[in-house]
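Encoded as structure tokens, the structure appears first; notes follow it.
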Amino acid sequence: MKNTANKPLSWYETRIECLAGYMTAERYDLFRRTVAHRTHHLTVLAENMYHSQNAAALIRHCEAFGLQRMHTVEALCPFEPNAAIARGTEQWVDVVRHSSTAEALRALKSEGYRIVATTPHREDTTPETFDVTRGPFALVFGTEHAGISDEVVAAADEFLRIPMCGMVESLNVSASAAILIYTLAERLRHNTDNWQLSDTRQAEVLYQWMCRSIKDADAILTRRGYADNE
């Protein structure tokens, strides 16, 4: 599908109305309910995650808990979610790919995100004490064995750990991500007023989802006089 970003709200609304007639009312209602719970306030950065199972689990966690966008660093290996585990969730989450950690950190900071490094080795904050109200934040997850890079440690605004009371020092990246994304997304929704996507961004995401779900959506829109470039 062509890039349709940064259009006015009315542009999306007319096309959504057109496409709504080509899907069941139940699915359309599901899409609308789901997009209303999406957020950009919290995002995730996966740094050189090379196990496809963990990549799939991470994108699935983002989808399940309402994160509309995640970022990846692919300097050492491509981010390739295992299809059997992701089970199609990758089509509902926007993945922004970066060629280096430096590039990813610059992009996130330029958008106003706090860089929050996840590591068991720092005593900064826990999921219960982290301040979700101080503006957007990006959780950084490192490689499966080495963890976050020194570059992330140097650039981090805050550190986040999951307290352990057993013998193990830490959980694997998939389990850690599930706990942190769920806990912080829930706290975000209960403690801040500006976590939702804007009306225009919600409409854009809904329109993109509908186009991916409806066979020949582009041809339908063209026949109805709603070509993407109009």
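With an 8 Å cut-off on Cα pairs and a minimum separation of 6 or more residues, tell me the relative contact order of the stretch 63-114 in percent.
Numbers: 44 pairs, mean separation 24.1, N = 52.
Across the stretch 63-114, relative contact order equals 46 percent.
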*In whole Å, largest first, what are the principal axis extents of the Cα atoms in the stretch 1-148?*
53, 36, 28
*asked:* What whole-number distance in Å separates the alpha-carbon centres of the stretch 1-68 and the stretch 78-131?
replied: 16
*Would you pull out the residues with amide H under 5 Å of GLN68's amide H, same chain only if 5 or more places away, H placed 1.01 Å from N?*
THR39
*√(5λ) per eigenvalue of the Cα gyration tensor, the stretch 75-230, largest first, Å*: 34, 19, 17
*Rounded to the nearest Å, what's the spacing between the alpha carbon centres of the stretch 150-177 and the stretch 195-230? Just the number, please.*
38
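Taking DSSP loops as anything outside H, G, I, E and B, show the longest stretch in the chain free of trypsin sites (Lys or Arg not before Pro) there with at most 15 other beta carbons within 10 Å. Present the calculation step by step, with values, prior to reporting the outcome.
Working: sites that count: LYS2, ARG87, ARG122, ARG134, LYS215, ARG224.
It works out to 3-86.
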*Of the residues THR72, THR129, THR39, which exhibits the maximal mean-square fluctuation in a Gaussian network model of the chain defined by a 10 Å Cα contact cut-off?*
THR129
*May I ask you to derive the relative contact order of the stretch 53-140, considering only C-alpha pairs under 8 Å and at least 6 residues apart, and to give it as an integer percent?*
27
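Hey, what did the chain get for relative contact order, percent, Cα under 8 Å, at least 6 apart?
Values: 367 pairs, mean separation 62.7, N = 230.
With pairs under 8 Å counted, the relative contact order is 27 percent.
Could you compute the net charge surrounding SER100? Neighbours are other residues with a C-beta less than 13 Å from the C-beta of SER100; K and R count +1, D and E count -1. Display every interim value, and only then the final one.
Working: positive: ARG97, ARG106; negative: GLU47, GLU74, GLU103, GLU151.
Around SER100, the surrounding residues sum to -2.
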*Dimensionless Rg over Rh [the stretch 91-141; C-alpha; Kirkwood]*: 1.00
*asked:* With Kirkwood's inverse mean 1/r over C-alpha pairs for Rh, give me the Rg to Rh ratio of the stretch 139-209, two decimals please.
replied: 1.08
*Translational diffusion coefficient, Stokes-Einstein: compute it for the stretch 188-227 using the Kirkwood radius over C-alpha pairs as Rh, at 20 °C and 1.002 mPa s, and state it as an integer in µm² s⁻¹.*
178
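None of the figures in this text is laboratory data; all of them are computed from the coordinates on show. Quick caveat: nothing in here was measured; it's all calculated off a predicted structure. Reconstructed Cβ throughout: ideal geometry from the backbone, glycine too, with neighbour counts over all protein chains shown.
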